[in-house]
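The values are calculated or read from the model by the stated rules, or taken from the named source; none is laboratory data. All values derive from a computational prediction rather than experimental measurement. Cβ: placed from backbone, ideal geometry, glycine included. Neighbour counts: every protein chain shown. Remember, those area values only see protein heavy atoms, side chains included, never the ligands or the DNA or RNA. Shrake-Rupley method; radii C 1.70, N 1.55, O 1.52, S 1.80 Å.
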Amino acid sequence: MSEKKTPVRPESRADIAKPRSDTAAVEAFVRQARAMAVRGEGAGRLILALDATMSRQPTWDLACEIQASMFDAVGRAGALNVQLVYYRGFGECAASRFVADTEALKRLMTRIDCRGGQTQIGKVLSHALKESGRGKVNALVFIGDAMEEDVDLLAEKAGELGLKNIPVFLFQEGTNPVATNAFREIARLSRGAWFRFDRSSADTLAKLLSSVAVFATGGLPALEKRGRPEDRLMIEHLSGRR
């Protein structure tokens, strides 16, 4: 079973609780995040949220490698800004600033190690809602394998995200039935999509993340224009045909 976690924001913003442990890794993460420059306001904004509890280490490493696919999908013209959110341990959750290139994001991710704890998906959803008050958030991606929270509370937040046109794209590793039911409901209420993957399907995950990036920068028209199989699959999910 995964362990519980919580997102925290670098500049002591109130949207996410501060981490309870002031570790060197988190300090390095915050310093790096503050140094990152963000591209223009017209760029799509995507939040990439990751479960960083101990069971997630293999998939965290995988995510470090394939996150480049999101930037590659929209080119190098600064069309996409990505914010990394992670939770781990007990009450520790962090969010970077929005960054605009794959190397910046990878440097942030490789500074983080996974630790035991409980899931904190509710904090991720709340963070996305509050972040949308600072600027348009086009999509929220969550990668995890467990859910140990009140599903009704998560559903309420997912519904709010749906009303704000912030779809949640959930990528579930494994077959935990509690997580499956919760992730599917979050996807439905937020008007997003749910997918299952495993460590042997890294290529599939990378392609789907690229589709989310295309959607975040141009919506359904951009997916239709690119027209790859993964784009057509994403369109089916977003249009309610799956």
Next item on the list: Any residue in segment 80-106 that's surrounded by fewer than 20 Cβ atoms within 10 Å (Cβ to Cβ) and among the charged types (D, E, K, R): show its pairings with residues that are modelled with pLDDT of 90 or more and in a strand (DSSP E or B) at Cβ separation under 6 Å, as long as the two are six or more apart or on different chains.
Entry: none
Next item on the list: Could you list all residues from segment 156-184 that are open to solvent by 10 Å² or more (accessible area, probe 1.4 Å), touching a strand residue (DSSP E or B) at 6+ places or on another chain (Cβ under 9 Å) and either in a strand (DSSP E or B) or touching a residue at least 24 places away in the same chain (Cβ under 8 Å) (or both)?
Entry: E173, G174
Item checked: Among the residues listed as F169, F183, the single one being of a type in the set (F, W, Y), modelled with pLDDT of 95 or more and within 14 Å of A73 (Cβ to Cβ) -> F169
Check: Just one of M54, M1 is aliphatic (A, V, I, L, M) and modelled with pLDDT under 50; which is it?
Finding: M1
Item checked: Sole residue being within 15 Å of F142 (Cα to Cα), in contact with a helix residue (DSSP H, G or I) (Cβ under 7 Å, 6 or more places away or on another chain) and part of a helix (DSSP H, G or I), chosen from A216, A206 -> A206
Notebook entry, point to check: Restricting attention to segment 115-131, does a residue exist that is buried (at least 24 other Cβ atoms within 10 Å of the Cβ), modelled with pLDDT of 70 or more, of a type in the set (G, A, S) and in a helix (DSSP H, G or I)?
Noted result: yes
Item checked: segment 188-201 residues that are among the charged types (D, E, K, R), paired with ones that are outside any helix (DSSP H, G or I) and open to solvent by 50 Å² or more (accessible area, probe 1.4 Å) (beta carbon under 8 Å, 6 or more apart) -> R191/N165; R196/T175
Check: What tally of residues in segment 186-207 results from selecting those that are hydrophobic (A, V, I, L, M, F, W, C) and modelled with pLDDT under 95?
Finding: 4
Margin query: Restricting to segment 185-203, give me the number of residues that are open to solvent by 60 Å² or more (accessible area, probe 1.4 Å), part of a helix (DSSP H, G or I) and farther than 22 Å from N138 by Cβ.
Written below: 3
Checklist line | Scope segment 219-233; condition out of contact with any Leu (no Cβ under 6 Å at 6 or more places or on another chain), open to solvent by less than 40 Å² (accessible area, probe 1.4 Å) and in a helix (DSSP H, G or I); matching residues | finding: G219, A222, L223
Item checked: Residue that is most open to solvent (accessible area, probe 1.4 Å) [pool: residues in segment 43-66 that are touching a strand residue (DSSP E or B) at 6+ places or on another chain (Cβ under 7 Å) and within 17 Å of S211 (Cα to Cα)] -> R45
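Considering each residue of segment 174-189, count those that are within 19 Å of D51 (Cβ to Cβ) and over 14 Å from the mean Cα position of the chain (by Cα), and give that number.
Selection size over segment 174-189: 11.
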Next item on the list: For residues that are more than 20 Å from F171 (Cα to Cα) and touching a Pro at 6+ places or on another chain (Cβ under 9 Å), tally how many sit in segment 62-92.
Entry: 3
Checklist line | Check on A146, crowded, with 19+ Cβ neighbours inside 10 Å, small (G, A, S), part of a loop (DSSP other than H, G, I, E, B) and in contact with a helix residue (DSSP H, G or I) (Cβ under 7 Å, 6 or more places away or on another chain) | finding: yes
